[in-house]
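Comments concern the structure below.
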Amino acid sequence: MMALGTKAPAFTLLNVVDDANESLDELKGVKGTVIMFICNHCPFVKHINHELSNLAKVYKSKGIECIAINSNDVERQPEDSPENMKQNAIDQDFIFPYLYDQTQEVAKAYDAACTPDFFLFDKDLKLVYRGQLDDARPGNDQPINGKDLREALNALLNNSPINKDQKPSIGCGIKWKPNN
């Protein structure tokens, strides 16, 4: 896992919703930035899409920006193509950019392992949280409430210490291209 305090690796990726290349510097929040590695096909992501949309809407007005990135190899997982990403963003009412990491270099730079995978950076783009959204998984009857990430977000906004005991996210492994 990426070490706490690490500076967010810079990137410029295609936003599939508006078909424009956008950089981290352009998209970051004034108080913090959540970078989420997600995709269309993963049942773990499908299970929480509604909460991702809600969370982004709640925290945007507080100076937190969310950025979603799909790094899956679309040859192996056609459902994760840019065209399908755009439709998924519309269907899920994502207010955040949904970026396509075609080369998979961004996923590697962030040590992203699965979908979903969450990284919270402070206003200076220093990592303060990496891990799960909450304990909800398909079929486990735990509430989908974003508890872990929301606690970190609220602590960041309140200038309180963020719990260093952070549970890694669980989901579908990123679909790496051959030789990646």
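Just so you know, all these numbers are worked out from the coordinates, no wet-lab data involved. Since this is a predicted model, take the numbers as computed values, not measurements. FYI the Cβ positions are ideal-geometry reconstructions off the backbone, even for glycines, and counts take in every protein chain you see.
Things to note:
- Gln104 meets the stated requirement of being surrounded by fewer than 22 Cβ atoms within 10 Å (Cβ to Cβ) and either under 14 Å from the mean Cα position of the chain (by Cα) or under 22 Å from Ala10 (Cβ atoms) (or both).
- Residue list for the stretch 145-180, filter: of a type in the set (Asp, Glu) and exposed (fewer than 14 other Cβ atoms within 10 Å of the Cβ): Asp165
- A single member of Ile95, Ile38 is of a type in the set (Val, Ile, Thr) and more than 17 Å from Lys175 (Cβ to Cβ), and it is Ile95.
- Residue ID - nearest to Gln92 (Cα to Cα), chosen from residues in the stretch 7-60 that are without any contact (Cβ under 8 Å) to a residue 24 or more places away in the chain and of a type in the set (A, V, I, L, M): Val58
- Entry remark, the stretch 75-128: residues being closer than 22 Å to Asp148 by Cβ, among the charged types (D, E, K, R) and in contact with a helix residue (DSSP H, G or I) (Cβ under 8 Å, 6 or more places away or on another chain) number 1 in total.
- All positions within the stretch 38-88 that are among the aromatic types (Phe, Trp, Tyr) and surrounded by fewer than 23 Cβ atoms within 10 Å (Cβ to Cβ): Phe44
- Taking the stretch 128-144 as the range and being farther than 20 Å from Ser71 by Cα and either crowded, with 16+ Cβ neighbours inside 10 Å or aliphatic (A, V, I, L, M) (or both) as the test, the residues that pass are Val128, Tyr129, Asp134, Ala136, Arg137, Ile144.
- None of Asp124, Asp93 is at positive phi, surrounded by fewer than 20 Cβ atoms within 10 Å (Cβ to Cβ) and out of contact with any Leu (no Cβ under 9 Å at 6 or more places or on another chain) except Asp93.
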